[in-house]
Each structure stands twice: as structure tokens, then as C-alpha cells.
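Reading through the C-alpha cells given below for one structure.
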Amino acid sequence: MPELPEVEVTRQSFAAAIAGARIQGLYLGLPLRWPLGVDASVLHDQTVLGVRRRGKYLLMDLSDGLLLWHLGMSGSLRFDVGLPPPGKHDHANLVTDRGTLRLHDPRRFGAVVFARDEADPVATKLLGGLGVEPLEPGFAPAPFHAALKKRRAPIKQVLLAGDVVVGVGNIYASEALFAARIRPTKRAHLLTGPQATRLHTAVREVLSRALALGGSTLKDFKNAHGESGYFQLDAMVYDRAGLPCRVCGTPIKTLRQGQRSTFFCPQCQKA
């Protein structure tokens, strides 16, 4: 599933090129996770002012409204001039005078949703419960620790929930917990101050490294230029069950938490 680094890499790969473009039409294929919410003709002749990110959502500011894009479980965006005709899994095509932005989504858990602005109930329903952005100044160690003190779930599950800190998905939660030397099953409220500080640092460093490597391509993720990411080649524990820990040599273990696979080193992550 595309996580924060993949969504941000996608944004960076087409945001500058599409800014200022005039929309000529939005053409939808099979139904996505949520409906557009308006007739697609509302977008005709609007101008794309810019593209921002909030968590795993891309927010496309228009001259009269807002488009929220979500990549779901298997989606990716491609932006180019002269794209071939839409294929079986191409379910949204935003045609502009600078090129076409296409959502390719085999599982159709992604979405394109229109809202008047971020105060629109449609937008607040999707964005209102999101936590702090981990790569922005508002993500600070002390408030992070205070928020964890209120949560009794395992720390891995709290990271995935997205209401304390947003966008730390399954891959990067496993990696951050390894870097912070914290066992993924430890209850969040039991983290000490030093542990919370280490985890805060690890989250920022892991996500920053993933961004620098173009995100992770496990199956089919590509940015808007069709380029793959390479963070998976740099992973310390994710998807390495049975292989020796890169630090201590102990075999990496895996367990299921909330229907997701967690990878950890039983020697390095004792705490």
C-alpha cells in the first residue's frame, strides 16, 4: 500500500508540471472507493493551482474547489502528454492542457473526491481525524510522548492508526521501531521518555530516507514518471523474516498485528 513517502514522491513528481494547467475534463471508469460527489463537468475549465499532501491524501487546489486523491491499496498516478488509451485498471483520467493525470488502481480502493474546500464536510470527514505530520515542525518529542501515554494499544498499532502521527504505514512502522530498539508489541503508554524520543527521531529519519530513495516498490508502485522506488533494498527488518539481522545476526521474526505483518529483531528490540 502506498504510504507517506510514496504519496509524497508521487506529489513531487508531477506537482510542478500540473500547476497552472487548465482542466479539459475528468473521465471516470469503474467505481472507486468513494464517488466523486459532483458531476465531472464542474471541473471543466478550472485551473489547477497546486498540489499538496495531507497524510496519504493528495490535495489538488483548483480555481473553484478541491480534489482529494487517494491511492488506496494498489494505486499509482501517472502524468504525461500523449498517454496511451486507458487500460482495464485505469479508473480516473484528469485531462488538462499540459497532460493527463491518470489513476491506475487494480483493486479500486483509491478515490478522487471533490470538495469545495477543506472546511467542506466531505473533506473534514476524510482529513479531520489525521494526526500531526511527522516531517513538519509540529511533530515534537514531548507532545508525541504525551499522546502515547494516552494509548494502551501496542505501539505498532498506534503508529498505524494515524491519529497520533499520520502516514507511518506498515513498512516504516516496522523500520522505525527497529531503529528505536523498541519491541512492536510494547504498549504505547509504557514507553519511557527516552524511548519515545528515540522513536520520534527514528520516524523522521526512516521517512526521510525513504523519500530520498523514491519510496518502496514492493509490487507495482511507481511515481508519476513511471519510476520505481528503492527503499525496500535498504530495509533493516521489513520483509526479511528468517534472514539475519543486519546489526546482530539474529534471525528476523514476524508476527501478525491487526491483520498486518510486523517484522522485528528479537535481540535488538527487547525493550
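Odds and ends about this structure:
- If the segment from residue 208 to residue 267 were pulled out straight at 0.36 nm per residue, it would be longer than the present Cα-Cα gap by 18.7 nm.
- The chain: Cα Rg divided by the 2.2 N^0.38 Å rule of thumb: 1.06
- Applying the Kirkwood pairwise sum to the alpha-carbon positions of segment 61-156 produces a hydrodynamic radius of 16.4 angstrom.
- In terms of distances greater than 20 angstrom between alpha carbons, the cross-link table entries 56/156; 125/186; 150/270; 125/149 yield 125/186; 150/270; 125/149.
- Label positions at residue 142 and residue 163, each projected 7 Å from the Cα along the C-beta direction, are separated by 2.5 nm.
- Against the chain, whose longest principal axis comes from its Cα atoms, helix 193-212 is set at around 40 degrees.
- At q = 0.12, 0.22, 0.23 Å⁻¹, base-10 log of I(q)/I(0) for segment 9-67 (Debye sum, equal scatterers on each alpha carbon): -0.30, -1.00, -1.08
- Amide N proximity, segment 76-114 versus residue 42 label position 7 Å along Cα-to-Cβ, cut-off under 18 Å: 92-95, 111-114
- GNM result for the chain, Cα springs below 10 Å: residue of 56, 156, 186 fluctuating most strongly: 186
- Check: the chain dipole with +1 on Lys, Arg Cβ and -1 on Asp, Glu Cβ, in debye: 1600
- Which of 139, 168, 182, positive extreme of dipole for segment 132-184 (C-beta unit charges): 182
- Farthest toward the positive end of the dipole of the chain, out of 25, 7, 237, is the Cα of 237, where the dipole comes from beta carbon charges about the Cα centre.
- Descending Cα extents along the principal axes, segment 1-40, whole Å: 30, 29, 15
- ³J(HN,Hα) computed for each position of segment 82-91 - Karplus, 6.51 cos²θ - 1.76 cosθ + 1.60, integer Hz, glycine/proline x: x, 5, x, x, x, x, 4, 9, 9, 10
- Net dipole in debye of segment 94-167 [+1 Lys, Arg Cβ; -1 Asp, Glu Cβ; about Cα centre; nearest 20]: 480
- Under the Karplus curve 6.51 cos²θ - 1.76 cosθ + 1.60, θ = phi - 60°, whole-Hz ³J(HN,Hα) for segment 146-154, x wherever Gly or Pro sits: 4, 5, 5, 4, 8, 10, 9, 6, x
- Gain on full stretching of the segment that runs from residue 250 to residue 133 - 0.36 nm per residue minus C-alpha separation: 38.8 nm
- Under-5 Å amide H pairs with residue 54, H placed in peptide plane, nonlocal only: 59
- Size-normalised alpha-carbon gyration radius of segment 165-209, reference 2.2 N^0.38 Å: 1.04
- Full-stretch length increase - residue 49, residue 190 - with 0.36 nm per residue and alpha-carbon distance subtracted: 46.3 nm
- D by Stokes-Einstein for segment 2-112, Kirkwood Rh over Cα pairs, 37 °C, 0.692 mPa s: 239 µm²/s.
Every read-out reported here was derived from the displayed coordinates using simple, explicitly stated rules and does not represent laboratory data. Note that the structure is a prediction, hence the values are computed from the model and not measured. Ideal geometry is used to build each Cβ from the backbone, glycine not excepted, and the neighbour counts take in all protein chains shown.
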